[in-house]
Amino acid sequence: MSELIVMKFGGTSVADPEKIQRAAERAITHRKKGKKVVVVVSAPGEMTDELIALARRVAPSPDPRELDMLMATGEQVGISLFAIACEARGVPATSLTGPQAGIFADAKHTKAKITQIRPGKIHQELKRGNIVIVAGFQGLNPRRDITTLGRGGSDLTAVALAAALEARQCEIYTDVHGVYTADPRLVPDARLIARISYDEMLELAGAGAQVMQSRSIEVAKKYGVRIQVAHAFDKHSPGTWIIEEVPSMEEAVVTGVALDRNQIKVTIRDVPDKPGMAADVFDMLGKANVNVDMIIQSAARGQSNDISFTVPKDDHESAIKALETVQRRLKTGSIEHNVNVAKVSVVGVGMRSHSGVAGKMFRTLADNSVNIQMIATSEIKISCIIENADGEKALRVLHKAFGLEKRRP
Ligand code: ADP
Ligand code: ASP
Ligand code: MG
């Protein structure tokens, strides 16, 4: 049986006709080697952002079902152009939307999870010798409506398809050479990481390293999908392997640093200090589908305390609505929103066995006059909320402090 591979091309890699042709040629090269090829394609360039902006010009908070209908068209542009490019080179190809490809998702519009993949049609098309080109970022929900899978969701489509099709590997092609010790656009001397564990990649992605969507890494870990991240147009780029375990000799204490500018800090003042209040607040936010990240509760002052937490910018509107209910029902004080914050994180499995990372992180930030507003830790990650204006500086000084720069020859 011939080998099956899944290749995914992100928006920047299919941003114009010339890039689409070059990406198609990469898929054709694999096909000509006798492989079965499934390609996942994103919306070209900035099309998703443009579609969202367009909807907002029509109505400030667009209906989520209709926003999904609109956003899903971006990927449809990408897949059809990709198939046209393959056909024009004499290689048979078929494009499929998420629903046509048998991708089923839950009902949460704009951030649905994939629930099931029924790949019958994909197999049929592959058997006919076609390159199969699947729209990323979309699935069909139980009401037979199109739902999208959260920003960056084409990564999830690719990894989930690789699992369902038992592909040998999932190749993620993007506009950088792989996963670096920091965003190479913000930290010019960031180093390419040859191999990284699922756990570290998951934390880096959650911390804002947008090169992989974090949910895609959860799925890769669950099903053992080997991912290679590489540059779309450099055939010699070795890229980064995302795998279960990295031999311990290669492990540094800190593997990478990340900056997330997509967070908002919310503070609820004067929450009555009695059992069940925090549960009520976060239940209401959960029901409104708001993803809460960092949380701190201040020490009680008299009969009340303050609760601060962060939410993604995309969830801000739903959070505001839910918090109006919180304020009314729980009789809390005022609610403050701070949009000028950023989250900076250091990640590394080495933290499990080495102490002192937190101290070094806080000291480095202090020495550079960066004030820490909130702190959260996991076994292999430490994150701080800081002033947005300090974000890039914080990222660079931490990258240097933990010795992550390119080694000079
Ligand atoms: P695509 O359109 O291919 O999905 P994305 O824009 O989603 O591409 O992701 C690639 C971008 O991720 C890069 O251009 C880079 O700026 C950013 N990035 C952030 N952190 C990292 C990191 N640690 N390593 C590599 N790229 C990163
Ligand atoms: N086009 C979608 C987005 O911009 C999905 C993706 O690119 O992965 O978020
Ligand atoms: Mg992406």
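Below, the figures for the structure above:
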quantity: Selection of trypsin sites (Lys or Arg not before Pro), the range 328-382, meeting DSSP coil and at most 14 other Cβ within 10 Å; calculated: 331
quantity: Greater than 26 Å apart at Cα, pairs in 33/113; 111/321; 32/127; 265/381; 235/393; calculated: 33/113; 235/393
quantity: Shape of the range 65-105, Cα gyration tensor, a/c cut at 1.5; calculated: oblate
quantity: Value of relative contact order over the range 179-292, rounded to a whole percent, pairs C-alpha under 8 Å and six or more apart; calculated: 27 percent
quantity: The range 81-195: relative contact order as a whole-number percent, Cα under 8 Å and 6+ apart; calculated: 21 percent
quantity: Total formal charge among the other residues, if their Cβ is under 10 angstrom from that of residue 190, Lys/Arg +1 and Asp/Glu -1; calculated: +1
quantity: Prolate/oblate/rounded label for the chain (Cα gyration tensor, a/c 1.5); calculated: oblate
quantity: Three-way shape label, the range 166-260, alpha-carbon gyration tensor, a/c 1.5; calculated: rounded
quantity: 5 angstrom amide H check on residue 169, placed H, neighbours 5+ away; calculated: 6
quantity: Per-pair calculated FRET efficiency, R0 = 22 Å: residue 252 and residue 367 via Cβ, rounded to 0.05; calculated: 0.55
quantity: Accessible area (Å², per residue) of the chain, counting only protein heavy atoms and a probe of 1.4 Å; calculated: 46 Å²
quantity: Within the accessible area of the range 32-73 (1.4 Å probe), percent carbon and sulfur; calculated: 58 percent
quantity: Percent RCO, i.e. relative contact order, over the chain, from Cα pairs under 8 Å lying at least 6 residues apart; calculated: 13 percent
quantity: Protein accessible area in the range 161-213, 1.4 Å probe - carbon and sulfur %; calculated: 43 percent
quantity: Protein accessible area in the range 285-334, 1.4 Å probe - carbon and sulfur %; calculated: 48 percent
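The values are calculated or read from the model by the stated rules, or taken from the named source; none is laboratory data. Just so we're clear, the structure is a prediction, and the values are computed from it rather than from any experiment. Cβ coordinates were reconstructed from backbone atoms using ideal geometry, including for glycine residues, and neighbour counts include every protein chain displayed. Please note that ligands, DNA and RNA were not included when accessible areas were found on the heavy atoms of the full protein model with its side chains. Shrake-Rupley method; radii C 1.70, N 1.55, O 1.52, S 1.80 Å.
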